[in-house]
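The values are calculated or read from the model by the stated rules, or taken from the named source; none is laboratory data. Remember, it's a predicted structure, so these values are computed and weren't measured experimentally. So basically every Cβ, Gly included, is an ideal-geometry build from the backbone, and we count neighbours across all protein chains shown.
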Amino acid sequence: MRRRLREGRADDDDGGRGFARLHAAPAAALTRAPVARRRCRGSHYSPPVIDVRRSADRWWRLDVTVRDVPLALVLFLASLVPALQNNGTRLGDVPDRPLDALGIAVVAVECLPLIIRRLLPAACLALVSLGFALDQLGGYHAVAGTALPLALISAGVHLDRWRWTTVVLASVAYVPLAIALARTEATEGVTGFVSFYLALVLVWGAGSRLRQSRAAEAARRLHAAETARIAERTRIARELHDVVSHHVTAMVVQAEAARYLTGSPERLDEALSAITGSGRRAITDLRHLLELLDPQPGTEPRSPSAGDLRTLVEQARQAGQPVEYTEEGSRSEAPGSAEATAYRVVQEALTNALKHAHGSRTTVLVRHGHREITVEVATDSAGSPTASVGGSGRGLAGLRERVGVLGGEFRTGRQDDGGFVVLARIPGGSAS
């Protein structure tokens, strides 16, 4: 008896545990269900995304005949739809005729030449006109008659030669068609045929107008490209003048001075070293100029800044020009167009001093203001010009243009004592 009670309790315990496991399983399944759903949602197949812009670019890169195929096919197939038969252009009162094998051929002659409407516009217009005449005389009155104004406006846009000849031939060919249709007791009379002809003339005129507007736009773009090319050539010439003229002038002056130093080997060596330094600086500046004109990927071209002004002054001193340099104010932490323009002003002024007043006292003042940079270079009247170095006058004109682009002021003139002064006021932070 006790053993049976114990077995019964054991069975009850096992049954309770089984009942608990039975109820626990659905709960665990319910807790795992969202995870499973999330996994299914995460691994759900997503259709590929169509790049509309890339597809459009590929479409416009196709040949014009390929791009005109859909238009011709759509118009041809639309003409074969029973509900649209005898619902096209109707010129005269020719009785309607159901579309048969001959009608399908006529519709093909009207529609399919549209494939070459831009490649061979004259041939396209001739074939479509022939198909249109057969369509009207046969009484099919198909939707394919819409191909005639399409071919006509395409000829007005794309026909390059024999335009007036095409107009005359098309007008002459229209006369017998009108006469043939008028014999079928047309109720619209002459007015209807003339109105249809005038409508075709307007379509041709619309095509010609579109052609003229495209030609004007092409001419405008060509002029803009030519203007940009000239401006770029001018900029390159100005940069080359700024770099080459300064260094070459210094080298010529130093070489002329070295002629008289043959009796002093030490001074001759200094002069030759100065010439070598000027040549190396010229090569360096030319390299920077090439980087500006043709920047290589991953490289940042360096523009001359006010930090190079002392090098300019020292180079002029080595060429025998006594230069006093004064700099006031603090420079900008991020050099820009203003600093580069100030550098060019000092460079051109010192070059002119070496050319036209070699040996004269020259003062250079660079003042860094809050909103502008002021550059003043003054040269005394005393001194001898360098005869072997000529000038084209391009440097000062280029400087005036440089400063003017930044919205500044550039002035040059003679002083009371006969000297020459260059004054530039360059707004800082302005965009070139």
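The figures follow:
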{"item": "Pairs with Cβ under 7 Å, 6+ apart, first in segment 57-76 and within 20 Å of L125 (Cβ to Cβ), second part of a helix (DSSP H, G or I) and among the hydroxyl-bearing types (S, T, Y)", "result": "L75/T146"}
{"item": "Flag for T412 being modelled with pLDDT of 85 or more and among the polar types (S, T, N, Q)", "result": "yes"}
{"item": "Condition check for V375: outside any strand (DSSP E or B) and at pLDDT 80 or above", "result": "no"}
{"item": "Residue under evaluation D96, criteria (1) crowded, with 22+ Cβ neighbours inside 10 Å; (2) in a loop (DSSP other than H, G, I, E, B), criterion not met", "result": "(1)"}
{"item": "Condition met for S195 (of a type in the set (G, A, S), at pLDDT 90 or above and exposed (fewer than 12 other Cβ atoms within 10 Å of the Cβ))", "result": "yes"}
{"item": "Only listed residue being exposed (fewer than 15 other Cβ atoms within 10 Å of the Cβ), more than 30 Å from L261 (Cβ to Cβ), modelled with pLDDT under 80 and of a type outside the set (V, I, T), chosen from G369, G298, G329", "result": "G298"}
{"item": "Matching entry among V107, V66 (being assigned to a helix (DSSP H, G or I), closer than 13 Å to T146 by Cα and modelled with pLDDT of 90 or more)", "result": "V107"}
{"item": "Residue, farthest from the chain's Cα centre (by Cα), within segment 379-400, restricted to residues that are modelled with pLDDT of 85 or more and over 17 Å from H246 (Cα atoms)", "result": "D380"}
{"item": "Set R214, R238, R209: member being under 23 Å from the mean Cα position of the chain (by Cα) and either under 30 Å from L152 (Cβ atoms) or surrounded by 15 or more Cβ atoms within 10 Å (Cβ to Cβ) (or both)", "result": "R214"}
{"item": "Criterion: farther than 18 Å from E110 by Cβ and either in a helix (DSSP H, G or I) or free of Cβ contacts under 8 Å to residues at least 60 places away in the same chain (or both) - qualifying residue of A178, A170", "result": "A178"}
